[in-house]
Amino acid sequence: MSLWEAIVLGVLQGATEFLPVSSSGHLVIGQELLSLRIPGVRFEVVVHLATLLAVLVVYRRRILSLALGVTLAPRTEEFRYAGLILVATLPAAALGFLFGDAIGSFFDRPAVVGVSLLLTGSALYSTRWALRRPLRAEFGVRAALLVGLAQALALVPGISRSGATLTAALWLGVAPLEAAAFSFLMSVPAIAGAGVLEFAALGPESAAIAGGAAWAGFAAAAAAGILAIRFLINLLERGAFPVFSWYCWGAGLAFLAWLGAR
């Protein structure tokens, strides 16, 4: 893999991981349209670590407060919030564990991605009305569980994780900025878990991750991820989150048309 290929792949991974357009869906589309193949598990480990770093950088104060609040200086509110993140993480973990092979088969059925992108676009568009409803600042156990169920749906390629979780949170009446914070903070165990599994798959080759192209991909993914998170937060503040629905609809329809015509 060349340096520029690593940078392009890193930017794509970093941006689509957080924007509500489905990184897994774009991977399938790229493979079908361009005969693109992600160059092995090593690179996946690198870019996953980079996207994790992006969340840690943007939400560093909140994460530090949570870490201190459940370890060195225990506080009830931090324990409660960490518990809600755990509750929200369980549905996707359980679904992946129980039906991992079946879910993996969706990646071999490109039409699933096209349909899923249309569904993602419809969900995003629905937030036009969700944003007009009375909003509150805090999460509860019920909201955390329902947002976790939305995250579990995103195991299907073409269903955006950030799109599903933010849409669910907004419809549950959570204020946009708090919805974004919870969505991205609950991605930390999900991304970290995926990275651990990929790292374990490397076995004795794990020490060979480093390299010029890998570091370029890491830097590109981290920078793109940070920019994507901040861009999405800005759109949420301005009530412009539904704009992504048009992209998902266009991408989904175009991909389905291409599949039908080939």
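Restricting attention to the stretch 83-94, does a residue exist that is out of contact with any strand residue (DSSP E or B) (no Cβ under 7 Å at 6 or more places or on another chain) and under 18 Å from residue 27 (Cα atoms)?
no
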- Please name all residue pairs, on different chains or six or more residues apart, with Cβ atoms under 9 Å, provided the first residue is in the stretch 46-72 and is part of a helix (DSSP H, G or I) and the second residue is basic (Lys, Arg). 58/230; 65/75; 68/75; 69/75
- Which ranges mark the helices (runs of 4 or more DSSP H) fully within the stretch 86-205 that have 3 or more residues being open to solvent by less than 10 Å² (accessible area, probe 1.4 Å) and modelled with pLDDT of 90 or more? 110-130, 141-153, 161-171, 176-185
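Let me confirm something: among 33, 3, 53, which residue is in contact with a Gly (Cβ under 9 Å, 6 or more places away or on another chain), surrounded by fewer than 20 Cβ atoms within 10 Å (Cβ to Cβ) and modelled with pLDDT under 90?
3
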- touching a helix residue (DSSP H, G or I) at 6+ places or on another chain (Cβ under 9 Å) and closer than 22 Å to residue 146 by Cβ, is that true of residue 76? no
- Item | Condition met for residue 20 (outside any helix (DSSP H, G or I) and either hydroxyl-bearing (Ser, Thr, Tyr) or under 23 Å from residue 186 (Cβ atoms) (or both)) | yes
- Message: in contact with a Leu (Cβ under 7 Å, 6 or more places away or on another chain), of a type in the set (A, V, I, L, M), at pLDDT 85 or above and over 21 Å from residue 166 (Cβ atoms): is that true of residue 82 in this structure?
- Response: no
- Message: Whether any residue in the stretch 43-62 is farther than 20 Å from residue 190 by Cβ and either among the acidic types (Asp, Glu) or over 18 Å from the mean Cα position of the chain (by Cα) (or both) is what I want to check.
- Response: yes
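The values are calculated or read from the model by the stated rules, or taken from the named source; none is laboratory data. If you're wondering where the values come from, they're calculated on a predicted model, not measured in any experiment. Neighbour counts run over all protein chains shown; Cβ positions are idealised from the backbone, glycine included. In case anyone asks, the SASA skips ligands and DNA or RNA and just uses the protein heavy atoms, side chains included. Shrake-Rupley method; radii C 1.70, N 1.55, O 1.52, S 1.80 Å.
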